[in-house]
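Undergrad: Below are the structure tokens for one structure; questions will follow.
Nothing in this text is a laboratory measurement; each read-out follows from the coordinates by a stated rule. Values in this document were obtained by computation on a predicted structure and should not be read as measured data. Here the Cβ is made from the backbone with ideal geometry for all residues, glycine too, and neighbour counts use every protein chain on show.
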């Protein structure tokens, strides 16, 4: 078996000859960015072959890499195979999720109401005149004779009782004792809230005795290797049990790494974490739980379940107290998942009396409308454009990404994350760029770039050189190659504008359908909430300029942070809030846009820039 | 590592040099009879060294084996060690449990009332206008939205539904779906009832749709290698987790072998067996469940639990449907276990209005008295004498065991199981032999043999040669060496009589205490029930002669077969009966004989023969 060494990470692995290089890196535990699941279409999984023959450049590589890059050994890892001992350079990945974790705040003013109760007891000693068995002695003392207990906890209980002078602490949830511990450990009561995103997995460790977030950790969802979008992952999972398990293992391994990180940060013992609550879209929920998601993909888009799944930790192998419980909050529909449930409880939309919409744009876009006492939700096929997929030089919101573009004093000004030389453009940069170029008069209402050759008078002289023609039509140079990190021009292409129009048009049209169904217009909205990292970093003015949002005064548009993740934490910390979340599938009306005969007209109209 | 070959079983195994030969045989899956857990005191674990040096004969071997036997290579396996490649002859073991299985009848006239329900359904197909998720579609149809389901069952459910035209069958118990199966499988509903004896493990496969026993299988309890009695096993288990697990693994492995046997006999599929109900003494219950039994041994004899333990199959690894359930019926006290609960429900003592006692003699002796509306139970330290332990040539009730002895026409007549040459004496033979020799005037009321040297007139001439003196006092030759299988005289020794007196005295005294507590005398008893194999094969007249049973007309003494095992089957087949069993620990008063100041006098008096 040939040996592959990855540098500068210095990870080595033996693989079968013929193994795909992207797969080999994955096996070695390296994350290589990419959106197309190895199809060769996104061009993002770049590596440099330092040593070893991995095959000749393919058509896909010739499309995405320059002759000079190919000469220098650059390749797309999905296009190459390991044939012999090799050394492969993997560019250090920029951690997009670091930015997201900064959004992960605490849960403010929340009353601690944990679903796990810890009770310290001191039992009387048995005697020949009182031969009550140990378990019954405990349950009599607790006055809860109906509690059940797992064998694993009962196994060493007699010795623990006697070694600790009959003083023990029980952790109880529902009608089960999930842990029996020596001495008084009632001050140690922890849980973890997960937000399982298609792109990013985030975990928060909560002290359940006071509803405080005491640590946060995150990682890129390693299912990414099977595609950036949920459809690619469903397609992979539907190939068979083995493939489904591959996807489940990826997310569970990642969750376990996050758990380890959280425990290390806080020195909390694994066995003192009794509960996990998770949110995610319906596909993520299925894959996390290892449930066949096949029938989510084709119409009529049927999930295996919509209720919350509450399972024992041992069913999943999460590395907390093995008798603990994992609750994945309920789905509303195939494309409106528990992440939306999280948004609703975190923003209290289920309890508001005014008219309010929430827009959560992640890898997909979900919309909720509370109006006239009804709660309605739909999902839009916005695709992952706002996360950089399908965008020529799109990237996630990591260091070096163009995150802001403005048109000031007849000039286009560009800002990057951490002020580094630009290496691509992220979602908020994309919207800003389009808005700035609209402001500059360089984009028509149809979304076409103004062509300087056709309408020279419309393009100021100093922009003429920046509007260049390429294979896919015109493109605007945001940062010239001499200033970029890659040495290439960083551009906004005509294709990028089309992707942006499709995405914003879908979201706007979805919102219009919800409003129509509720019998109100956009002017009747008292508030529009923007959830998620994207919603937090997008500039409202730009979003209004491109027509992503309804034409409302900016003060009515409010960024609410990672509301899905907050909902997960709140449902972990408070049983009352959890019960509200569990009841939502019954309360929320789901609108399936694909069945609406009026959707197409509204959508086509919404593609335009104003 | 040296290799050991066992003949004629032809099993080969590699072990570390220095491994005890008894352990090596156990690892090879061979059962070698023995009662003393390798201490060298019972002399029963005989093997012949065909090849290889296993050490010199020890003191223990010289005590139990003749010079000629040692010369021929016979050894006690517990005394030898494997040092080099060896060939060891293991005499074929006689299957004592075969006799017990003949007692395992059906459960007559029982109304099937299974706790697992199977429901076949045909669901409507989903559509864009009806996007109800698969699980909710099923639960809506069942009109039981609160049912939970394991991930393992849900995982492939979407594909199963579509592959079977939306026709599936669910197995439901309590509030859980434990199985979802393709098509209509409602006619396949099975369970297994176990009777986990210290000596013998028996399993019965029941068709739960009609409460019929369709197969029976049994095996010697392989925990035997750690001692024939419960105290030896508790002592081993209390050494640590590893040792506890050794004992648990033994019994679970054996149970799994029985399950395989039952399934093979009937061609029932493993996944169609949904439930196991087990009975056994309190120690067996702890060891089966893997719960530390340490504190059962010393006063005040405290079990870890008394309630029934209901656990998931996956907690134990029993090889039935992995989502199924295992219920070990409740214990009443440290030495009154669920086997006694089984006896009570099978004999309906909890519902009788007359005065009735039940005596269950297995490896221990348990007594139950129903009188004046009260139910009382106690255990007696009868020890395993009736199973041949502590008896010089004692053996279990296997082929060649002396099972009947009578005094007819001035002669002692001896019968063996299967009419084979005698190789030892089993429990019923022991009692018969004592009764016959009492009838012949050869045993005094104190239990001493009449000494021909002291009282020549009391011993008929033709018996004088049969009363011989040995190391431990006088002994009576039941079968001379020329007629026995072993070539040795098969005798009843003075020591054997002492063991018998201790055992029968303990049981009789226990019964007297129960009667005293109830305020009645033995003459007030309407019936005495004899449970267990021993109770079935013992001759009532002999038991009355030696004073094991109260002096009642023989027709009031009724053998009821393996009532403990029957109780297990009935609790499996009927939820009503199960609920009666689960309630018994609250209803049965346990008398701890060791706290009774009156016990010792009654016991000493009961040692006498009448």
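Undergrad: Distance between the C-alpha centers of segment B:136-178 and segment B:277-314? Whole Å please.
TA: 34
Undergrad: Find the relative contact order for segment A:190-328 and round it to a whole percent, using C-alpha pairs within less than 8 Å whose residues are 6+ positions apart.
TA: Numbers: 264 pairs, mean separation 36.1, N = 139.
About 26 percent, as a whole number.
Undergrad: To check you understand DSSP bridge types, tell me what percent of the beta bridges within the protein assembly as shown (both residues inside) are antiparallel, rounded to 5. Could the numbers behind the result be given before it?
TA: Values: 146 of 210 bridges.
Of the beta bridges lying entirely in the protein assembly as shown, close to 70 percent run antiparallel.
Undergrad: Counting only C-alpha contacts under 8 Å and six or more residues apart, can you give the relative contact order of chain A as a whole percent?
TA: That works out to 13 percent.
Undergrad: Order by neighbour count: A:502, A:205, fewest other Cβ atoms within 10 Å first, most last.
TA: On the way: A:502 20, A:205 25.
Going from least to most buried by this count: A:502, A:205.
Undergrad: Moving on to the next point. How far is it, in nm, from the label point at residue A:1 to the one at residue B:458 when both lie 7 Å from their Cα along the line to the Cβ?
TA: 8.3
Undergrad: Which order results if A:426, B:42 are arranged by neighbouring Cβ count within 10 Å, fewest first?
TA: Numbers: A:426 29, B:42 23.
By the 10 Å Cβ count, ascending: B:42, A:426.
Undergrad: Using helices alone, I'd like the mean residue ellipticity at 222 nm for the protein assembly as shown: each DSSP H run of four-plus residues gives -39500 (n - 2.57), total over residue count, nearest 500.
TA: Details: 40 runs with 375 residues, N = 1220.
The per-residue figure over the protein assembly as shown is -9000 deg cm²/dmol.
Undergrad: Round to the nearest 0.05 the FRET efficiency obtained for residue A:483 and residue A:374 when R0 = 51 Å and r is the Cβ-Cβ distance.
TA: On the way: r = 51 Å, r/R0 = 1.01.
For residue A:483 and residue A:374, the calculated efficiency is 0.50.
Undergrad: Something else about it: Give the angle, between 0 and 90 degrees and rounded to the nearest 10, that separates the Cα long axis of helix B:338-347 from the longest principal axis of the Cα atoms of chain B.
TA: Roughly 80 degrees between the two axes.
Undergrad: Considering only DSSP beta bridges whose two residues both sit in chain A, what percent are antiparallel, to the nearest 5? Show your work: numbers first, answer last.
TA: Numbers: 73 of 105 bridges.
Bridges in chain A are about 70 percent antiparallel.
Undergrad: Go ahead and run the numbers for FRET between residue A:446 and residue B:143, Cβ-Cβ distance against an R0 of 41 Å, rounding to 0.05. Before the final figure, lay out each step's value.
TA: Values: r = 55 Å, r/R0 = 1.34.
Efficiency computed from Cβ-Cβ geometry: 0.15.
Undergrad: Would you calculate the separation in nanometres between label points at residue A:556 and residue A:315, each defined as 7 Å from the Cα along the Cα-to-beta-carbon direction?
TA: 4.4
Undergrad: Points 7 angstrom from Cα along the Cβ direction at residue B:72 and residue A:269: gap in nanometres?
TA: Output for this residue pair reads 6.1 nm.
Undergrad: Mind ordering B:333-343, A:309-319 by average Cβ neighbours within 10 Å, highest first? Present the calculation step by step, with values, prior to reporting the outcome.
TA: Values: B:333-343: 29.0, A:309-319: 18.4.
For the peptides B:333-343, A:309-319, the packing ranking is B:333-343, A:309-319.
Undergrad: Relative to the longest principal axis of the C-alpha atoms of chain B, give the angle of the C-alpha long axis of helix B:241-266, reported between 0 and 90° and rounded to the nearest 10°.
TA: It works out to around 70 degrees.
Undergrad: Using a label point 7 angstrom from Cα along Cα-to-C-beta, what distances in nm, from shortest up, separate residue B:147 from the other copies?
TA: Distances between equivalent label points, in nm: 3.1.
Undergrad: Exposure proxy check: A:176, B:137, A:482, A:396 ranked by fewest other beta carbons within 10 Å?
TA: Details: A:176 17, B:137 21, A:482 8, A:396 28.
Ranking A:176, B:137, A:482, A:396 by Cβ neighbours within 10 Å, fewest first, gives A:482, A:176, B:137, A:396.
Undergrad: What fraction of the DSSP beta bridges in segment B:3-93 is antiparallel, stated in percent and rounded to the nearest 5?
TA: On the way: 11 of 15 bridges.
Counting only bridges with both partners in segment B:3-93, antiparallel ones make up about 75 percent.
Undergrad: May I pose another question? If you count, for every residue in B:133-139, the Cβ atoms of partner chains within 10 Å of its Cβ, what is the mean? Spell out each step's value before the answer.
TA: On the way: counts 14, 8, 7, 6, 2, 1, 2.
Rounded to a whole number, the mean comes out at 6.
Undergrad: Now a separate question. Full extension from residue B:17 to residue B:418: what is 0.36 nm times the residue separation minus their Cα-Cα distance, to one decimal in nm?
TA: Values: separation 401, 0.36 × 401 = 144.36 nm, distance 4.11 nm.
Between residue B:17 and residue B:418, full extension yields an extra 140.2 nm.
Undergrad: Sticking with this structure for a sec: Just to confirm the numbers: residue B:23, label point 7 angstrom along the Cα-Cβ line, distances to the other copies in nm, shortest first?
TA: 4.6
Undergrad: What is the mean number of Cβ atoms from other protein chains located within 10 Å of the Cβ atom of each residue in peptide B:108-117, rounded to a whole number?
TA: Working: counts 0, 0, 0, 0, 0, 0, 0, 0, 0, 0.
Mean number of neighbouring Cβ atoms from other chains: 0.
Undergrad: How high is the relative contact order of segment B:386-499? Use alpha-carbon pairs under 8 Å, at least six apart in sequence, and give a whole percent. Don't jump to the answer; show the numbers that get you there.
TA: Working: 223 pairs, mean separation 28.2, N = 114.
Reported as a whole number, the value is 25 percent.
Undergrad: In nm, one decimal, shortest first: how far is the label point of residue A:587 (7 Å from Cα along Cα to beta carbon) from the matching points in the other copies?
TA: 4.7
Undergrad: What ranking do B:58-65, B:190-197, B:153-160 get when scored by the average of other Cβ atoms within 10 Å per residue, highest first?
TA: On the way: B:58-65: 15.6, B:190-197: 27.9, B:153-160: 20.4.
Going by the mean number of other Cβ atoms within 10 Å, highest first, we get B:190-197, B:153-160, B:58-65.
Undergrad: Just to confirm the number: angle between the C-alpha axis of helix B:563-573 and the first principal axis of chain B, 0 to 90 degrees, nearest 10?
TA: Taking Cα atoms only, the helix is inclined about 0 degrees.
Undergrad: What is the distance in Å between the Cα centroid of segment A:545-610 and that of segment B:323-401?
TA: Centre-to-centre (Cα) distance: 67 Å.
Undergrad: Take the alpha carbon atoms of segment B:406-484, find their center, do the same for segment A:1-70, and report the distance between the two centers in whole angstrom.
TA: 90
Undergrad: Okay, moving on. Name the chain A residue nearest the rotation axis between A and B, going by Cβ position, and give the distance in whole Å.
TA: Here the nearest residue and distance are A:314, 4.
Undergrad: Moving to a separate point now. Would you mind giving the mean number of other chain beta-carbons within 10 Å of the Cβ of each residue in A:151-157, as a whole number? The partial results should precede the final answer.
TA: Numbers: counts 10, 2, 0, 9, 10, 6, 4.
Mean number of neighbouring Cβ atoms from other chains: 6.
Undergrad: I would also like to ask the following. Using only the alpha-carbon atoms of segment B:386-499 as identical scatterers, what base-10 log of I(q)/I(0) does the Debye formula give at q = 0.11, 0.18, 0.23 Å⁻¹?
TA: One equal scatterer on each Cα of segment B:386-499 leads to -0.30, -0.84, -1.39.
Undergrad: By average Cβ neighbour count within 10 Å, what is the ranking of B:593-601, B:111-119 from highest down? Can you show the working numbers first?
TA: Values: B:593-601: 13.8, B:111-119: 17.3.
The densest-packed peptide leads the list: B:111-119, B:593-601.
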